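Report on one structure; see the data block that follows.
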Amino acid sequence: MMGATYDTGMLIALERRKQRAMAVHEWLAEERIPTTVPWIVVAEFWRGRTDRRDAILRSVDIGVPSIALAKSAGHALATVPHATIVDAIVMASAALRGDVVYTSDMDDLGALQQHFPGVRLLAV
């Protein structure tokens, strides 16, 4: 595994201290596996400042927008019916880095796997 990308569901699971999410997050940190949260996921996750939300975001890298990322996500939106921009950016971000995606939304991200077949999804 090159790295891990978190979607909004993973961040919410961490915020709610869900056992599987916590175990995955701790294991990734112990193994020093780079963990990235796309910038757009922060916008979807953030509903005001709390100590817990701040701690979660301090424990990951925040991915920044790029033209390559925007083009890849845009192409996915054109080819996958009903895909959302946030999910397309999560998958494009992971694909560009060779990451695994940790998600609670296997259905929507799974639909995007037809466009990003190299991205592996793991449920939390």
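About the Cα centre of the chain, what is the dipole size in debye to 20, counting +1 per Lys and Arg Cβ and -1 per Asp and Glu Cβ, all else neutral? Walk me through the numbers on the way to the answer.
Values: 13 positive and 14 negative charges, 42 e Å.
With only Lys, Arg, Asp and Glu charged at Cβ, the dipole is about 200 debye.
Could you calculate the contour length gain from Arg17 to Gln113, that is, 0.36 nm times the residue separation minus the distance between their Cα atoms, to one decimal place in nm?
31.8 nm
On alpha carbon coordinates alone, what is the Rg over Rh value for the chain, Rh being the Kirkwood radius?
Across the chain, the Cα-based Rg/Rh ratio is 0.94.
With θ set to phi - 60°, apply the Karplus curve 6.51 cos²θ - 1.76 cosθ + 1.60 along region 76-81 and write out the HN-Hα couplings as whole Hz, x wherever there is a Gly or Pro.
Rounded to whole hertz, the list is 4, 4, 6, 10, 10, x.
Kindly report the accessible area of the chain per residue (heavy atoms of protein chains, probe 1.4 Å, no ligands, DNA or RNA), in Å².
Solvent-accessible surface per residue comes out at 54 Å².
Using +1 at the C-beta of Lys and Arg and -1 at the C-beta of Asp and Glu, which of His75, Ala92, Val64 has the Cα lying farthest in the positive direction of the dipole of region 37-111?
The Cα lying farthest towards the positive end belongs to Val64.
Got the relative contact order for the chain handy, in percent, Cα pairs under 8 Å and 6 or more residues apart?
Numbers: 189 pairs, mean separation 40.8, N = 124.
Relative contact order for the chain comes out at 33 percent.
Between helix 85-97 and the chain, what is the angle of the helix's C-alpha long axis to the longest principal axis, kept within 0 to 90° and rounded to the nearest 10?
Computed tilt is about 90 degrees.
Which order do the peptides 95-102, 76-83 take when ranked by the mean count of other beta-carbon atoms within 10 Å per residue, highest first?
95-102, 76-83
Under a crude label model (7 Å from the Cα following the beta-carbon direction), how far is Glu30 from Ala123 in nanometres?
2.4 nm
Set the Förster distance to 25 Å, then compute FRET efficiency between Arg49 and Thr84 from the Cβ-Cβ distance, nearest 0.05.
0.50
Please report the carbon-and-sulfur percent of the accessible area for the chain; probe 1.4 Å, protein heavy atoms only, DNA, RNA and ligands left out.
About 55 percent, which is the carbon plus sulfur part of the accessible surface.
The values are calculated or read from the model by the stated rules, or taken from the named source; none is laboratory data. Because the structure is predicted, anything quoted here is derived from the model rather than measured. So basically every Cβ, Gly included, is an ideal-geometry build from the backbone, and we count neighbours across all protein chains shown. Surface accessibility is based on the protein's heavy atoms, side chains included, excluding ligands, DNA and RNA. Shrake-Rupley method; radii C 1.70, N 1.55, O 1.52, S 1.80 Å.
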